[in-house]
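A quick write-up on the structure given underneath.
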Amino acid sequence: MKSGLVEENDLPRFNELVASTRRLLNSLVAEIVAIILTYGFVLAIVFYLPPTILPFWYSRGSTVNLSLSWAGWWYAFVSTPLLLILLFGWLWRVVLWSRFLIRVAKMKLRLIAAHPDLSSGLKFLNSAVITFTPVGFTLGVIVAGSVANRFLQQRASVNNVEKTILGLVIVNLFLFVGPLVVFAFKLYQQKVRGIFAYGQLAESVGKQFEAKWLGNYEKYSGGALEASDFSATTDLYQVVSNVYQMSLLPFDLRSIVALIVVTLLPFVPVAFIAVPFDVILKEIASLLF
């Protein structure tokens, strides 16, 4: 590993972990299982769920003698399986990503408590949250479409929709941000060690600085502007400050907010469906006048 983050003794384990992750990612068995789960799920919906909860275009005939329409056949055995296979594929990737992070977190890592990223050099993992935002948006589109259909058929209330949206946000945070939490304990240990080590150094330098410049003010005050002690002490204390400000999580709030906003974007059109346009105009007018 070129970055040197993993200790030399753990490099063989790390390389094997990378290789096994790639093998599992391209596993034929995983693809077959995904297809079986997909069509099992679809058949359960078609034959075991009450027809009344399905879209009106899904079937023809009475609820007693259910017969799929052509659109229903296409939806059940083409559109839905394709969507579910893609979802299972991404879920499998999240599982592998979580497995990878959990095992890496158990290795000996060369962490730097004073690293300027305030995460001991692990802040680059924050990019993983941003990478998953298109998937979060896709899940938002799927759920928003379902909610819009329920509103159009007058089978949804605002309270139920709020719970659905909240559940979607929680699921996305759990899937795409949760795996990074495995580094929290390791970062905590590094912060504690850093506070003791850098704190002792800062205390020692501070005592020397005060003894020289405050204890012998009359002797050294004339050369204070030319002395390098002040800048050196300031630089050291800036490094020590990084240790005390160190985060216990390798991601920041902005990436979390970005993921939540992208997840909720598809619900903007749903809001216009749920709330009458004249009500929206009245609310805007009340804000302006």
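Observations on the model:
- Likely footprinting exposure, R23, R150, R99, fewest C-beta neighbours within 10 Å first: R23, R99, R150
- With R₀ set to 41 Å, the beta-carbon distance separating Y48 from Q189 gives a calculated FRET efficiency near 0.25.
- Point-to-point label distance, I130-D117, nm (Cα→Cβ direction, 7 Å offset): 1.2
- Modelled spin-label separation between V261 and Q200, with each label point placed 7 Å from Cα along the Cα-to-Cβ direction: 4.5 nm.
- Taking packing as the residue-averaged number of other Cβ atoms within 10 angstrom, the listed peptides 174-182, 8-16, 34-42 run from highest to lowest as 174-182, 34-42, 8-16.
- In order along segment 258-268, phi translates into HN-Hα couplings of 4, 5, 5, 4, 5, 5, 8, 3, x, 8, 4 Hz, rounded to whole numbers, per the Karplus curve 6.51 cos²θ - 1.76 cosθ + 1.60 with θ = phi - 60° and x for Gly and Pro.
- Amide hydrogen neighbours beyond the local backbone of V6, cut-off 5 Å, H modeled: R110
- Legend: calculated FRET efficiency, R254 to K163, from the Cβ-Cβ distance at R0 = 30 Å, rounded to 0.05, equals 0.65.
- Each residue, L86 and E7, gets one label point 7 Å from its Cα in the Cβ direction; the gap between the two is 4.4 nm.
Read-outs: derived from the displayed coordinates by stated rules, not from any lab. The shown structure was predicted, so the numbers you read here are calculated from the model rather than taken from an experiment. Note that we place each Cβ from the backbone using ideal geometry, even for glycine, and neighbour counts take in every protein chain shown.
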